[in-house]
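Engineer: Shown below is the structure under consideration.
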Amino acid sequence: MRIVIKVGTSLIAPEGRIDTVRMRALVDQLGVSPHEYLIVSSGAIGSGMAQLGLGERPSSVPLMQACAAVGQSLLMHTYEQLFFGKKVVAQLLLSSDDFTSPIRHKNLKNALHELIQLGVVPIVNENDSVSVRELVGAFGDNDELSALLATTVEADWLLLLTDVDGFYMSGGRKEPRLLRTMRKLTPTLEDLCDGRGKLGTGGMRSKLRAAKVASEAGVHVAIVNGRHPHAIEWAMERKIGTYFPPKRRVR
């Protein structure tokens, strides 16, 4: 089974510093698994901010580029340490052009195919240090990127890991209700979403849109709380999170 996992900044660097305990808990779920995994990892800007002594997300694009460059190095070093003795990891920094240019998209597919065949875990992120469009929201904090990646590799599952249990319905209810299955994304449901996170640039709205893109391409999708010790396994068993059934199958 081929699984794309998107890990948000709220999990990797919740206070602007890499949370190695939480990252280790995630890696431990993957280390001995027979499945094929690709990780879309946010957190470069947040961890870079901490390393550079910045308390708030920069408003300057060049400064965000600098944070991303510093933080990406820290992220990959952490992943390499945590996967040591379990899996080999590889870094891929992508931009929107890698999906819209036929030649670049073909090159990307070829590289991903070889890495997966070799048993390598690709660690994917936006190319924030040089591609300004990604910094100003071309992908939506890696959510759309993860959906495009899942479609490109014909994944069975896309798991969007965040710091909440899934999508909650509110709108006049006394207590918000976790929606366990979403078969259609409507403007009304989008309007129920909260805003962006403190360090990230996405939010629940971008996750819903990513889920729509991937599910329409035939991928099973779940938005799930990545702090759960069995988040990956239980999400695919539909025990936790919000599930989006595929509209069609491509594999």
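The values are calculated or read from the model by the stated rules, or taken from the named source; none is laboratory data. As the structure is a computational prediction, the values presented were derived from the model and not from experiment. Backbone-built Cβ (ideal geometry, glycine too); neighbour counts: all protein chains shown. Heads up: the accessible areas ignore ligands, DNA and RNA and are worked out on the full protein's heavy atoms, side chains in. Shrake-Rupley method; radii C 1.70, N 1.55, O 1.52, S 1.80 Å.
Engineer: Whole-Hz ³J(HN,Hα) for each residue in the stretch 80-96, computed from phi via Karplus 6.51 cos²θ - 1.76 cosθ + 1.60 with θ = phi - 60°, x for glycine and proline: what do you get?
Structural biologist: Residue by residue, the stretch 80-96 yields 4, 5, 6, 8, 4, x, 10, 9, 8, 10, 9, 9, 10, 9, 10, 10, 4 Hz.
Engineer: Taking amide hydrogens as modeled 1.01 Å from N in the peptide plane, which residues meet the under 5 Å criterion relative to Leu94, leaving out close sequence neighbours?
Structural biologist: Asn125, Glu126, Asn127
Engineer: If we sort 87-94, 176-183, 147-154 on the protection proxy, mean other Cβ atoms within 10 Å, highest first, what's the order?
Structural biologist: Result, highest mean Cβ count within 10 Å first: 147-154, 87-94, 176-183.
Engineer: May I pose another question? Among rounded, prolate and oblate, which fits the stretch 1-110 when a ≥ b ≥ c are the square roots of the eigenvalues of its C-alpha gyration tensor, a/c under 1.5 means rounded, and a/b larger than b/c means prolate?
Structural biologist: Oblate, because a/c is 1.5 or more while a/b does not exceed b/c.
Engineer: To continue, here is another question. Tell me the per residue accessible area of the stretch 31-104 using a 1.4 Å probe; a whole number in Å² is fine. Before the final figure, lay out each step's value.
Structural biologist: Numbers: 3510 Å² over 74 residues.
Roughly 47 Å² per residue, with all protein chains present.
Engineer: How do 234-246, 6-18 rank on mean C-beta neighbours within 10 Å, highest first? Spell out each step's value before the answer.
Structural biologist: Details: 234-246: 19.1, 6-18: 22.6.
In decreasing order of mean packing, 234-246, 6-18 become 6-18, 234-246.
Engineer: Here is a follow-up. Ordered by packing density, taken as the mean number of other Cβ atoms within 10 Å over each peptide's residues, highest first, how do 98-104, 220-226 rank?
Structural biologist: Most protected by this proxy first, the peptides run 220-226, 98-104.
Engineer: What shape does the stretch 51-109 take by its C-alpha gyration tensor, where a ≥ b ≥ c are the square roots of the eigenvalues and a/c under 1.5 counts as rounded, a/b above b/c as prolate, and the rest as oblate?
Structural biologist: oblate
Engineer: Name the residues whose placed amide hydrogens come within less than 5 Å of the amide hydrogen of Val221, ignoring near sequence neighbours (fewer than 5 apart) on the same chain.
Structural biologist: So Val221 has HN proximity to Leu158, Phe244.
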